[in-house]
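Structure first, then comments.
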Amino acid sequence: MRLDGKGASMRILFIGDVVGQSGCDHVRAVLPSLKREYGIDITIANGENSAEGNGILPYSAKHLMDSGVDIITTGNHGLRRREIYDVMDEKNGIIRPANYHADAPGQGWYFYDHPKFPLCVVNLQGTVYMDSFQNPYECIDALLPQLPSRNIIVDFHAEATSEKLCMAYYLDGKISALLGTHTHVPTADARILPGGTGYMTDVGMCGGRDSVLGVKAQLAIRRMRTLLPTRFENEKENILLNGVIIEIDQKTGVCTKLNPVNI
Ligand SMILES: [Fe+2]
Ligand SMILES: [Fe+2]
C-alpha cells in the first residue's frame, strides 16, 4: 500500500487494541519506521489491553506514548485497573468511552491541538452484548456540537457488527471516520461511506497472530472447552500490528483515503 500526495490532508494511523507487553514492544519496534514511511501526522492506539493481565496501567500508557502514540483510546477494560485513574485526564490524551456514567473517572473525548492538524478523538462503547451504559446515540448527539474541530475520529468499541454499521451510517457526513475496536479481528470492509466518513467495522489488534484475541490459544481452548477457571497468558510470538491509515481533508473533515495495515 502506498498513499501519495499530501496537500491539505492530514494522515492518521489508528492501531487496534494493543495486547500486553509483547504488543507494546511491537508498537515500539515498528511505529517509527511506519510513521516515516507513510508520513503519519498523528497516531492513535486503543490501549485497553496494553497492561499485562489486561486493562491499561500508567506504565503501559507511557510505553505507548514514548513509542510515538499521541492519543490512547480504551473500552470496556479501560477502567479495570484503578492505577490508571489518576492519569486518565484531558492533559494526557488517554480517554475512556464517553457514554460511561457521569461518576466515571477520565473523559470520553480529546482535542489534540496539533499546530497544523487539530483533531478530536471520541471514544464510545456499544451496548449490544455489552454492559448497558448510556445510549451511545444520545451521547454522541450531545457531544458533537461541543467539539472544537470538524476533524473527528470516533473509536466505537463494540461487539456487534450491526451496531457498528448503524452508528457509522448515523454519523456519516458528521465525522471524519468511525473505527471499530474490541473484537480484535480486522474486518475486510474498510471503505468511505457516501457522506465522506471513513469506516471499518473492526481495526483488529496488535497481538499474537496465532492466538485467540491475543491470548495463548491452548489456554483459551481450555476455558472454552471445560468452562474451568483458566489463567490467561498472552501469546508472545509472531506479533502483528493491525491498524488503518486514514487521510482527512483538514478543511472539510472528509475522509479521502483509508487503508488497512498489517505489520
Ligand atoms: Fe480489547
Ligand atoms: Fe474490549
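The values are calculated or read from the model by the stated rules, or taken from the named source; none is laboratory data. Everything numeric in this text was worked out from a predicted model, so none of it was measured. Every residue, glycine as well, gets a Cβ built from its backbone with ideal geometry; the counts of neighbours run over all protein chains shown. Each accessible area value is taken on the protein alone, full model and side chains, heavy atoms only, with ligands, DNA and RNA left out. Shrake-Rupley method; radii C 1.70, N 1.55, O 1.52, S 1.80 Å.
Summary table
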read-out	value
Amide H partners (placed H, <5 Å) of Gly198, local residues excluded	Ala177, Leu178, Leu193, Cys255
Förster radius 22 Å - calculated FRET efficiency between Tyr169 and Leu147 (Cβ-Cβ, nearest 0.05)	0.65
Cα-based shape type of the range 74-128, given that a ≥ b ≥ c are square roots of the gyration tensor eigenvalues and the cut on a/c is 1.5	oblate
HN-Hα J in Hz across the range 74-84 - Karplus 6.51, -1.76, 1.60, θ = phi - 60°, x for Gly and Pro	9, x, 5, 9, x, 10, 5, 10, 5, 4, 7
Nonlocal amide H pairs with Lys216, under 5 Å, H built at 1.01 Å	Glu233, Asn234, Glu235
DSSP beta bridges in the range 43-161 [antiparallel fraction, %, rounded to 5]	30
Candidate residues Phe156, Phe232: accessible-area rank, largest first, probe 1.4 Å	Phe232, Phe156
Structure-based [θ]222 nm, the chain - -39500 (n - 2.57) summed over DSSP H runs of at least 4, per residue, nearest 500	-6500 deg cm²/dmol
Cβ-defined net charge surrounding Thr161, 11 Å radius [Lys, Arg +1; Asp, Glu -1]	-3
The range 203-263: GluC sites (Glu not before Pro) in DSSP coil with no more than 11 other Cβ atoms inside 10 Å	Glu237
Unit charges on C-beta of K, R, D, E only; dipole of the chain, Debye	460
The range 133-213: antiparallel DSSP beta bridges as a percent of all, rounded to 5	20
Amide hydrogen neighbours beyond the local backbone of Asn151, cut-off 5 Å, H modeled	Cys120
Ordering of 139-151, 115-127, 16-28, 92-104 by burial proxy (mean other Cβ atoms within 10 Å per residue, highest first)	16-28, 115-127, 92-104, 139-151
Pairs of lysine residues in the chain - Cα separation under 27 Å, sequence separation of 8 or more or cross-chain	27
Farthest positive-ward along the range 152-263 dipole, Cα basis, beta-carbon charges - from Val154, Val185, Gly195	Val185
